[in-house]
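Undergrad: The structure is given below, and queries will be raised subsequently.
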Amino acid sequence: MSAPFSLPRTAAVIVAAGQGLRAGQPVPKQFALWRGKPVVRHSVEALAAAGCDPIVVAVPEGAEDLARLALEGINGIALVTGGATRQLSVRRALEALAGAAPDHVLIHDAARPIVPATVIARLQAALDSHVAAIPVLPVVDSLAHAEGSEMGAPARREHLRRVQTPQAFAYAAILAAHRSWDGDAQAGDDAQVAQAAGLSVAMVDGDEALHKLTYAADFAEILPVRMGTGYDVHRLAAGEDLWLCGIRVPHTHGLAGHSDADVAIHALVDAIFGAIGQGDIGSHFPPSDPQWRGASSDRFLTHAVGLAAQAGYRIGNVDVTIICEAPKIGPHRDAMRARLAKLLGTPPGAVSIKATTTERLGFTGRGEGIACQAAATLLAN
């Protein structure tokens, strides 16, 4: 008779052994308060809720009392004293798990307090067919090599990814990799240790919410709700495609601009930037930059949503008003709402699209252009 099926047992290591001096807090940043709790407590609670057991936290020498206070009331947490480097801290935590002998382990930086359950699920699924998996995000900014204080050769961002934590591993494999690591070398993360040991590392989609707290500004008080407004205008021109809310709308004329001139998305992007105090669309995507010529405005909106997530916010709802005499917006409203909802990561019910005319007054009334105003409400994560 075969043994009953059992799910892999997953432990967690949380690296909280740094000093965190750049954050400007009175204690190392992992023990500072953030959104009402010590930073390290957020990720410990998230990983415990995901079923990780046991959880080992690596802390600075002499900070054990701070750590116990930060994690008071949470059962099943073990503390180890970190080493002189991140790699040594992780190895000590992994060695502490030897008695439990878990199948898998998630290794996470305490400075990333928000740990979405969806990312954990993607990592655990990847371990079904890989010994290691990491969450990554694409690079959206232009990149260049630095040659002193001058710009060097451009770097191809399509080949680059931003690496996050938690990172997931088969426990025995990553423990062996750390034991074989050259002690004189520097390891930026555990994926580098795994690769050095010859392990193949899979990549899964990360999340902007996994933002790393680094500077004093990251500890600024988070308001529960923020809102912003945006307004944009583009002229109508023959021979152009008309894009509104990410949808190509049939019309005799299209909107002219450096990108695809989607006036509705541009107004909405400015509303989101306004809500988080991040300037306007022109400062992020200057029309003088040739890389944005003809670019889809979808990219601008995705970037704005990502910056909002880094600031600790998700989209609550948006309200867009398109001002034009033609074309009629009504027949396209449902498709527009669905497209914006997908880009914003919200249900369609959180997206309002309205249209109005100016009774043939002004440039929109004369059919010379289309204007749009938008409002966005952001909610703290």
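Every number in this text was worked out from the coordinates using simple rules, so none of it is lab data. What you see is a predicted model, and the numbers here were worked out from it, not measured in a lab. All Cβ positions, glycine included, derive from the backbone under ideal geometry; neighbour counts span all protein chains shown.
Undergrad: As I understand it, the dipole of the stretch 332-381 uses +1 on the Cβ of Lys and Arg and -1 on the Cβ of Asp and Glu, about the Cα centre. Which of Ala338, Asn381, Ile370 lies farthest toward its positive end?
TA: Ala338
Undergrad: Pull up the cross-link candidates among the lysines for Lys212, meaning alpha carbon to alpha carbon under 24 Å and not fewer than 8 places away within one chain.
TA: Lys29, Lys37
Undergrad: Okay, next question. In the stretch 126-150, which residues have a backbone nitrogen under 14 Å from the label point lying 7 Å from Arg157's Cα in the Cα-to-Cβ direction?
TA: Under 14 Å, as judged by backbone N against the label point of Arg157, lie 137-145 of the stretch 126-150.
Undergrad: Can you sort Phe169, Phe285, Phe31 from fewest to most other Cβ atoms within 10 Å of each residue's own Cβ?
TA: Phe285, Phe31, Phe169
Undergrad: List the residues whose amide H sits under 5 Å from the amide H of Ala202, counting only those 5 or more places along or on another chain, with H placed 1.01 Å from N in the peptide plane.
TA: Close amide H contacts, sequence-distant or interchain: Ala132, Ala133, Ile134.
Undergrad: Could you please rank Asp189, Asp262, placing first whichever residue has the fewest other Cβ atoms within 10 Å of its Cβ?
TA: Asp189, Asp262
Undergrad: Provide Val105, Val56 in ascending order of the number of other Cβ atoms located within 10 Å of each residue's Cβ, fewest first.
TA: Neighbour counts put them in this order, fewest first: Val56, Val105.
Undergrad: For the stretch 258-269, take each phi angle, set θ = phi - 60°, evaluate the Karplus expression 6.51 cos²θ - 1.76 cosθ + 1.60, and give the result in whole Hz per residue in order, putting x for glycine and proline.
TA: Rounded to whole hertz, the list is 5, 8, 7, 6, 6, 4, 5, 5, 4, 5, 5, 4.
Undergrad: Could you check the spin-label model distance between Val27 and Glu95? Points 7 Å from the Cα along Cα→Cβ, value in nm.
TA: That separation, rounded to one decimal, is 2.7 nm.
Undergrad: Next up: Using a Förster distance of 51 angstrom, determine the FRET efficiency expected from the C-beta separation of Ala117 and Arg360, and round it to 0.05.
TA: After rounding, the FRET efficiency stands at 0.45.
Undergrad: Just to check I understand the Karplus step: with θ = phi - 60° and J = 6.51 cos²θ - 1.76 cosθ + 1.60, what whole-Hz values come out for the stretch 275-292, glycine and proline as x?
TA: 5, 9, x, 10, x, 9, 4, x, 6, 8, 10, x, x, 6, 8, x, 5, 9
Undergrad: Reachable lysines from Lys354, Cα under 26 Å, same-chain residues fewer than 8 places away excluded?
TA: Lys328, Lys342
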